[in-house]
Structure formats: structure tokens, C-alpha cells
1. With respect to the numbered conditions (1) surrounded by 10 or more Cβ atoms within 10 Å (Cβ to Cβ); (2) modelled with pLDDT under 95, which one is the sole condition not fulfilled by residue 66?
2. All but one of (1) modelled with pLDDT of 90 or more; (2) within 28 Å of residue 205 (Cα to Cα); (3) within 21 Å of the chain's Cα centre (by Cα) hold for residue 87, so report the exception by its number.
3. How do the pairs read when you match residues in region 79-97 that are surrounded by fewer than 23 Cβ atoms within 10 Å (Cβ to Cβ) with residues anywhere that are modelled with pLDDT under 95 and not in a strand (DSSP E or B), using Cβ under 6 Å and keeping only pairs 6 or more apart or on different chains?
4. Take the conditions in contact with a strand residue (DSSP E or B) (Cβ under 7 Å, 6 or more places away or on another chain), at pLDDT below 95 and farther than 23 Å from residue 146 by Cβ and apply them to residue 39. Does it pass?
5. With in contact with a helix residue (DSSP H, G or I) (Cβ under 6 Å, 6 or more places away or on another chain) and either at negative phi or assigned to a loop (DSSP other than H, G, I, E, B) (or both) as the only criterion, which of 127, 138 stands out?
6. Specify the residue that is nearest to the chain's Cα centre (by Cα); the eligible residues are those in region 93-113 that are at pLDDT 90 or above and part of a strand (DSSP E or B).
7. Of the conditions (1) within 16 Å of the chain's Cα centre (by Cα); (2) at pLDDT below 90, residue 21 fails just one. Which one is it?
8. Would you confirm whether or not region 104-115 contains a residue that is surrounded by fewer than 16 Cβ atoms within 10 Å (Cβ to Cβ) and within 20 Å of residue 238 (Cβ to Cβ)?
């Protein structure tokens, strides 16, 4: 009698895991409705907002953003300033007011930083750097969460409304605000931006601002995020980098292109 093999039954498929209600989703702003015409953000409205501060103080000298539990995005020229001036710094997250600290505010220590290998400190091309934190950020709370990053460079993000936020001065060489501020600015094509800045604008940059000026990032905002609301979440499309003055007519702000 021929041996017959009993077929092995296919294993039952593993059930899909239940979604974790505390799982971190990037780019989620904390608000129910936007403040029309406002410049001060809601507390923890942009939970990815970070800043570099002088160690042991709340003195902000640069903006930054949370992109992962151990990673902070900022401008390479900010890091170059840290190197050149031997600045001891820490990373501030979960903050709103600098004088009266929110309960969500954390001061974190950096382990190391990585500047873009193509960073040009004269032309500010490839003005992007990553700070690696010594300890991880706990994303259980919605008060500190990462911003989303672009999936590809296919979208140039021309002619969209973007938001820049930070604790930078509210005018050129002006005073620094105590609370986190925001402003919405329209982006533009690089060819339009080159009308103002010529060939200083490279493919690694994106410009935003009004023709008449009046709204822009300023001193102390450098390294901070320029974000675009995709509808499903905020995507960081730029890093505050440079410009001619602050909000001057005919001279938009120039940002490092993140995509």
C-alpha cells in the first residue's frame, strides 16, 4: 500500500494588532480652532517646537524641531556658532512661556550633532543639522510630539501657506518675546525668490514671505520649523535659515528645503 501524506493545514493568520491609542502620530497640532489673526500660539499648539538654550537657562538662541524620540532638527549655521563660540547648550521642548515654565517643559542634553557634509557656511547652502539627544523623549503625552517630514522631494511646496514659529525677535534687532509666536507666510518658486536674491538661492532652499513684507521669521528663529498643514498633519518643509533683514518688502525669508 502506497504511503499517503496527510497535508499540513495552513496556519491561521495572526490577527491584526489593535491600534495603540497612545501611539505617536507625527504632525498633530494641539488645537480645536485656529486663532484668526493671532501671533501667539496656543500652549503646546505645535508640540514639535524646540529651541536651543544656553545651558542652565531658558535663554533661547536658536529654534529647532522634534523629528524623533532622540533626534532634533535645526540649522547647521546654528551648530557652527556653537562650535565657533564654544557654547554650552541644551535642548528645550514642550515649552510655551519662557518666564513661567509649562508643566510639559523639558530641558534635554545633547549627545552629539551631525551637520550636513555639504554645508557651506558662507552661502548657507545645505544649512541643516541633526542633534542626537542623550535620552529619549517620551511621546506618551500629546504635549511633545514629532513633526512629520516630507515623503519625497516630488512636491516643491510652491505657493502654499506655511507656518513659521519660534521665540525669535519680533523685529530686526528688537526684543525677544516671552511666549512662542507664529506667523503664516506664502511660499514661492525659487525662480521668483531669485528676483530678490539672485543665484544665492539654490535648489536646497525654499523661500516664503509677502511681497509687501511685514511678516517673517527673525533673529533667534533660525533653525526653527517652517511647516505646511497637509490636512492629515503638519509637515516640516523648511528650516529658518537667512534673509535680508526681517520682513522687509521685496526680500522673503529663506529656508533650508527639507524635502
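1. Exception for residue 66: condition (2).
2. Unmet for residue 87, out of (1) modelled with pLDDT of 90 or more; (2) within 28 Å of residue 205 (Cα to Cα); (3) within 21 Å of the chain's Cα centre (by Cα): (3).
3. Pairs that qualify, where the first residue is surrounded by fewer than 23 Cβ atoms within 10 Å (Cβ to Cβ) and the partner is modelled with pLDDT under 95 and not in a strand (DSSP E or B), are 96/43; 96/102; 96/180; 97/178.
4. Numbers: in contact with a strand residue (DSSP E or B) (Cβ under 7 Å, 6 or more places away or on another chain): yes; at pLDDT below 95: yes; farther than 23 Å from residue 146 by Cβ: yes.
For residue 39, the condition - in contact with a strand residue (DSSP E or B) (Cβ under 7 Å, 6 or more places away or on another chain), at pLDDT below 95 and farther than 23 Å from residue 146 by Cβ - is met.
5. On the way: 138 fails: in contact with a helix residue (DSSP H, G or I) (Cβ under 6 Å, 6 or more places away or on another chain).
Of 127, 138, the one residue that is in contact with a helix residue (DSSP H, G or I) (Cβ under 6 Å, 6 or more places away or on another chain) and either at negative phi or assigned to a loop (DSSP other than H, G, I, E, B) (or both) is 127.
6. 93
7. (1)
8. So far as region 104-115 goes, yes, one or more of its residues are surrounded by fewer than 16 Cβ atoms within 10 Å (Cβ to Cβ) and within 20 Å of residue 238 (Cβ to Cβ).
The values are calculated or read from the model by the stated rules, or taken from the named source; none is laboratory data. These numbers were taken from a predicted model, which means no experiment stands behind them. Neighbour counts run over all protein chains shown; Cβ positions are idealised from the backbone, glycine included.
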